[in-house]
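Structure record follows, encoded as structure tokens.
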Amino acid sequence: MLDFPRWKVWGVTLLCLLGIAFAVPSFFPASQVERWPGFIPSARINLGLDLAGGSHLLLEGDTSDIARQQLETMEELIRTELRRASPRIEIGEISTAGGRLSFLVRNPAQADAAREIAYNQTQPVGLGGQRNWNVNVVDTSRIVMVPSQAGLEDALDSAMNTAREVVYNRVDPSGTKEVTVIRQGERRILVQVPGLQDPEGLKQLLGKTARLDFKLVDLSAQPTAQRAPVGSQFLPYPEGPGGRIAVKRRAMVTGDQLVDASQAFDQTTNEPVVNIRFDSQGGRRFAKVTQENVNRPFAIILDDVVISAPNINEPILGGSAQIAGNFTVESANDLAVQLRSGKLPVEFAVIEERTVGPELGAESIRLGGIASIVAVTAVITFMLVTYGRFGIYATVALALNAIMILGIMAVFNAALTLPGIAGFVLTIGAAVDANVLINERIREEQRRGRKILDAIETGYREASTAIFDANITNVIAAALMYYFGSGPVRGFAVVLLIGIVTSVFTAVNVTRMLVALWVRKKRPRELHI
């Protein structure tokens, strides 16, 4: 017991001081913390929706567009693969009428090869041997592809999972707001943003699918024409004559090939713009198209609205481009966030909206604080009355435990929720369990006739095994709650996980250090515990 090395004393002390240092900013207003020098820790605990207030939105996706998107994607795949075939397979115009894709193979002898290529573009779904498309040959030379029901259901599930990720990245691009974004049922997503009292900006951010396309302008089309030429379409263009412009249906490059988007300023006009950068494939395609269409205009299209139609003055070979369109700094930044997070595969409508005021959170914090004070007072009183000096050491460990929990939560930008306060109170109440086990084991060793040092040493050694075993099971339970839970359950699990780790550290290592220093200094002849 006396052999508690100096390096270990310094290590335990340093960890405790770090925990205190990281906890301190959470006790001061954010405005004051921002003025602190840069070398001082400034991370603070985030408050959850139930404590800080905020916005609650329930979104419902319009999934009717998923089948159309599947048809468009498959059409592009089929065109590309048939052109790449050796020998090349010539086909007639591809039809997507009636929710199915069909095309005529000009050379009937190549029908089987065309069907094989079409079949290879389909994917298995589930474990029953089904595929996402059914492929058939009709009248010896027409290939017909129909989305299967299993394929549609799988596409819906995949689209909603993607949408959840996109919504999360738009709402919390930095990953520090501790927002809640979860699926509810097949077509709904719940969004909760702590601290946001005005949901209008959030609704606008989530109301756009942010589908970005680059398409060539069809110069042969007349703006006053009723219908666009074959292979083209009219799209809204607020800056153009008649408020619309004709563009080719096929996109040169799409936003799916973006790797970055950021708000910037045009070097010539100093107007806010959005700089975008493509991946290697998108950069090559963009370079090829601009090389082949110098001195022709192309349209930059966001959610089927043309926001700009610049002229291709020279090939754009760097894999980067710039979007200009009468932006403000805020709107350019919002567009950059939307493009960077990816497009929403479905459109969403807000079907439920609530704003939670901070008054409820303030009352919850007050009541939670009272509960914490009562719990701490009761535990301290019990330990002091029951164990005397060892109860004082347990009290010191308890105080350090509470502070270190707050410090670690601040470091990881964890959110404190109302269930988190419950987990905090529970952790405080259970934190002294380890000291109770240690102290009772020391008493038992004394009754067996061991000397003071042997009793203390054996008590800590034997009790530590039981302490670690018991807390491992608690860690497993808390980890499972965090992994499978969401919202309030996760808030409770986070505090519980951190509290288990810090309570074991303080109850075993901190109290052992304090006892070792006391024994080494006083050399007591009697031990009252």
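The values are calculated or read from the model by the stated rules, or taken from the named source; none is laboratory data. From a predicted model like this one, the values you see are computed outputs, not experimental measurements. In this analysis, Cβ positions are derived from the backbone assuming ideal geometry, glycine residues included, and neighbour counts consider all displayed protein chains. We work out accessible area using only protein heavy atoms, side chains counted, and drop any ligands, DNA or RNA first. Shrake-Rupley method; radii C 1.70, N 1.55, O 1.52, S 1.80 Å.
A compact table of results
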item	result
Hey, Gly242 at positive phi, of a type outside the set (Asp, Glu) and out of contact with any strand residue (DSSP E or B) (no Cβ under 8 Å at 6 or more places or on another chain) or not	yes
Flag if Thr473 is crowded, with 21+ Cβ neighbours inside 10 Å and more than 18 Å from Asn413 (Cβ to Cβ)	no
Residue in the range 240-250 that is at pLDDT 75 or above, closer than 30 Å to Asp157 by Cβ and assigned by the TED database to the domain that holds Asn333 present	yes
Cβ-Cβ under 8 Å pairs, at least 6 apart or on other chains, the range 68-81 side farther than 14 Å from Arg100 by Cβ, far side assigned to a helix (DSSP H, G or I)	Glu81/Ile117; Glu81/Asn120
Every residue from the range 205-243 that is part of a strand (DSSP E or B) and in contact (Cβ under 8 Å) with a residue 60 or more places away in the chain	Leu212, Asp213, Phe214, Lys215, Leu216, Val217, Leu235, Pro236
Any chance Val146 is surrounded by fewer than 17 Cβ atoms within 10 Å (Cβ to Cβ) and in contact (Cβ under 8 Å) with a residue 40 or more places away in the chain	yes
Residue among Ala378, Ala394 that alone is in the same structural domain as Leu15 (by the TED database) and either in contact with a His (Cβ under 6 Å, 6 or more places away or on another chain) or open to solvent by less than 10 Å² (accessible area, probe 1.4 Å) (or both)	Ala394
Every residue from the range 107-155 that is within 20 Å of Ser95 (Cβ to Cβ) and among the polar types (S, T, N, Q)	Asn107, Gln110, Gln121, Thr122, Asn132, Asn134, Asn136, Thr140, Ser141, Ser148
Matching entry among Glu457, Glu462 (being assigned by the TED database to the domain that holds Ala414, of a type in the set (D, E, K, R) and open to solvent by less than 70 Å² (accessible area, probe 1.4 Å))	Glu457
Some residue of the range 15-24 being in the same structural domain as Ala397 (by the TED database) and either within 30 Å of Leu202 (Cβ to Cβ) or without any contact (Cβ under 8 Å) to a residue 12 or more places away in the chain (or both)	yes
Matching residues, the range 68-110, being closer than 30 Å to Glu153 by Cβ, open to solvent by 50 Å² or more (accessible area, probe 1.4 Å) and small (Gly, Ala, Ser)	Ala97, Gly98
Odd one out for Glu526, checked against (1) charged (D, E, K, R); (2) outside any helix (DSSP H, G or I); (3) crowded, with 20+ Cβ neighbours inside 10 Å	(3)
Inter-residue pairs, beta-carbon under 7 Å, first farther than 14 Å from Leu302 by Cβ and outside the structural domain of Val337 (by the TED database) and in the range 254-274, second at pLDDT 85 or above and surrounded by fewer than 19 Cβ atoms within 10 Å (Cβ to Cβ), 6+ apart	none
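Matching residues to (1) modelled with pLDDT of 85 or more; (2) within 31 Å of the chain's Cα centre (by Cα); (3) of a type outside the set (Lys, Arg):
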position: Thr63; (1), (2), (3): no, yes, yes
position: Ile66; (1), (2), (3): no, yes, yes
position: Gln69; (1), (2), (3): no, yes, yes
position: Thr73; (1), (2), (3): no, yes, yes
position: Arg83; (1), (2), (3): yes, no, no
position: Ile89; (1), (2), (3): yes, no, yes
position: Gly92; (1), (2), (3): yes, no, yes
position: Ser95; (1), (2), (3): yes, no, yes
position: Arg100; (1), (2), (3): yes, no, no
